[in-house]
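Peer 1: Please see the structure below; I have some questions.
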């Protein structure tokens, strides 16, 4: 039996989710003069940029955008057949005493968020760190929860959420892939 794919969010639903994330972030940070959005490579980066564009449309606080590479902080590098490309982190603003929102496309176990927090702390001491994700997949291994999510799902262990962004993948898509059982 081949892998099966089903749509979780359409392109329009993804756009609506990004807009809702932006509105929630603005509402949760009243009086903030500026907010740092830091996208986790790879697909958290276009998510952060899209959220920033929506925040500007609704007249939110000034948005500073950075990127964070968690490769060196991953606890599963030894399981990779091919090591991921190092992108390097780029946070060209002072995060000390700033509200920072980490942006990632999916949270599942919480391990990527733990790695992102480790890397973020190398840049300073934020006033507060929040987490925005497009999809919150249940099944944490670490006590980490998103502050903002567009969709929350519970999936079977053999299912995987795949989020694609036009900027990275050439199309917007959010699907669930069910892996065929191994023979």
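Peer 1: When residue 152 is evaluated against the numbered criteria (1) under 23 Å from residue 25 (Cα atoms); (2) within 13 Å of the chain's Cα centre (by Cα); (3) assigned to a strand (DSSP E or B), which criterion, by number, is the only one it fails?
Peer 2: (2)
Peer 1: Under the condition of being buried (at least 20 other Cβ atoms within 10 Å of the Cβ) and in contact (Cβ under 8 Å) with a residue 40 or more places away in the chain, which residue from the stretch 135-160 is farthest from residue 6 (Cα to Cα)?
Peer 2: Filtering first and then ranking leaves 148.
Peer 1: So, in the stretch 99-123, of the ones that are more than 11 Å from the chain's Cα centre (by Cα) and touching a residue at least 60 places away in the same chain (Cβ under 8 Å), which residue ends up nearest to residue 142 (Cα to Cα)?
Peer 2: 120
Peer 1: Still on this structure: Working carefully through the options 132, 173, 115, find the one that is surrounded by 19 or more Cβ atoms within 10 Å (Cβ to Cβ) and closer than 16 Å to residue 18 by Cβ.
Peer 2: From the options 132, 173, 115, the qualifying one is 132.
Laboratory data are not the source of any read-out in this text; all were calculated from the coordinates shown. Source: prediction; values computed, not measured. Every residue, glycine as well, gets a Cβ built from its backbone with ideal geometry; the counts of neighbours run over all protein chains shown.
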